[in-house]
Each structure stands twice: as structure tokens, then as C-alpha cells.
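Just below is one structure, and these are the notes that go with it.
Every number here is computed from the coordinates shown, using simple stated rules; none is lab data. This structure is a prediction, so every number in the text was calculated from the model and none was measured. Glycine gets a Cβ as well: all are built from the backbone with ideal geometry, and neighbour counts include every protein chain shown.
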Amino acid sequence: MKRDALFNMIEQQIRPWDVHNEAVLTALRELPRAGFLPESHRAFAYMDTEVPLVIDGVDTGTRLLAPRMLARIVQTMDIARTDEVGLVGLGDGYLAALLARFARTVTAYELNENALKFAQKNLNAHHVRNVNFELKDGLKHSTDKFDVLVLAGSVTTLSDAVKQKINVGGRLFAVVGAVDAAVMSAVLVERTSDTNWHSTVLFETVTPALTQATPATAFSF
């Protein structure tokens, strides 16, 4: 039954959303999402919906992205085996695991200690060894730079300070829009030189706000 649900998720949700990269689809098959969700929410693993991250009955305030969004992010970033990847917002660890299949390393930032420990346990259980964990605000308190940077939640704006966190030739994925906006934009930002970036709107969506960003404090370093 679970295998049928996984198959249907890929064929009915993910492929129709322009995800055709076979390596990404294989990762979804070989790394089933249900193994990362809390047991209380595993019934939602293959549904086209965001899921609250509730650990031992406590809501962390994080809403996990729907499978088709996760797949689209991984395909869009076109990660090379030499890439150093940054992920702001660790959640249950599933997106980190997908990114790690293609990257050299993933550095994941998470503010909620319970969420970080839960994700770390999941990743260890699935033998994902190339993820580094940082219990800090990846937007405010990190000076690291990456070839690929993924924000696992929406933000109200993207400043040059955030764009500076990707190397020349690097790329950034974010969903940008006001907290209560009816429509937000998923954007790909590519750094073309020390002082220039090129932004492409990929599609319209609505995504829960990144817990590490608020309108008053986001992107102040």
C-alpha cells in the first residue's frame, strides 16, 4: 500500500509539475518520505500537502513542504557532486537528505533544537553522512558561502546580504512574498560576478514563512 502511495505521488503529483529528471525521481523512490515524518503524521507522507512538524506532541512551528515542491527544488538546483550546499531550515531532514545525494556536503541551519535532533536522528537512520548541522540562524549568524543555497520557506524579500552568501557561479532558491500574500514567487538567483546577480521567476506558489526570518529582522547580519 505504501509503495502504491509513493508510486502515485511521483506519477500523479511530481511528474505533472515538470519534474522529469530521472536522478531526482530515483532519489524519491529510494528515499521514501514516510521514513522522515513523525509517526503521528506518516499517513500524510505522500499527499500533496504541507505537514506540520510535530515532535512528541509538540508543534515546532515548522510546516514541511509538499513533496512536489521538494522535488522541484532539487531538480532546479542541478547540484553537482563538487557543490557545497547550504540549507536554511532543516525541518525533518528530508530535503537535506535529497540534496545530500547529489552534493559534496550540505550545511543545514536550524533554530529549533528539538527539530535539529529529530532530523539528525532521521539522517543517521538513513545513513546520510555528508550533512553538517548548525543550531543557529542561517540568515543572521552565518558567514559561510555556498555553491548552492536553499531557503526552505518563504521570505518577504531578498537582500544583497543574502545573495552574497553564494559564490560566483552559484545559485540560490527562495520563495519571496509578503507573509499573508495570496501569491508568492519562487525565484532562482544566479551570481554572475562579484557584484551582479541574475534572478528568474520560476513559478507562482504560496509557502509558509521561514521560521528563521521575520519582516523586522530578516537578512540583517
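Observations
- Local net charge near N196, Cβ-Cβ under 11 Å (Lys/Arg +1, Asp/Glu -1): -1
- Fewest-first ordering of D48, D147 by other beta carbons within 10 Å of each residue's beta carbon gives D48, D147.
- Whichever lysines have a C-alpha closer than 27 Å to that of K121, once near sequence neighbours (fewer than 8 apart) are set aside: K2, K136, K140, K145
- Cα-based equivalent ellipsoid, the range 64-103: semi-axes from gyration tensor eigenvalues, Å: 16, 12, 8
- Cα-based shape type of the chain, given that a ≥ b ≥ c are square roots of the gyration tensor eigenvalues and the cut on a/c is 1.5: rounded
- Net charge contributed by nearby residues that have their C-beta within less than 9 Å of K145 (K/R +1, D/E -1): -2
- Residues D160, D78, sorted so that the one with the fewest Cβ neighbours within 10 Å comes first: D160, D78
- Taking a straight line from the alpha carbon of K163, these aspartates and glutamates sit under 19 Å away, with near neighbours fewer than eight places off in the same chain left out: D78, D83, E84, D137, D144, D147, E190, D194.
- When you restrict to C-alpha pairs under 8 Å that are six or more residues apart and normalise by the size of the chain, the relative contact order lands at 15 percent.
- When D4, D83 are sorted by how many other C-beta atoms sit within 10 angstrom of their C-beta, beginning with the fewest, the order is D4, D83.
- Remark: relative contact order (the range 88-185) = 25 percent; criterion is Cα-Cα distance under 8 angstrom and separation of 6 or more residues.
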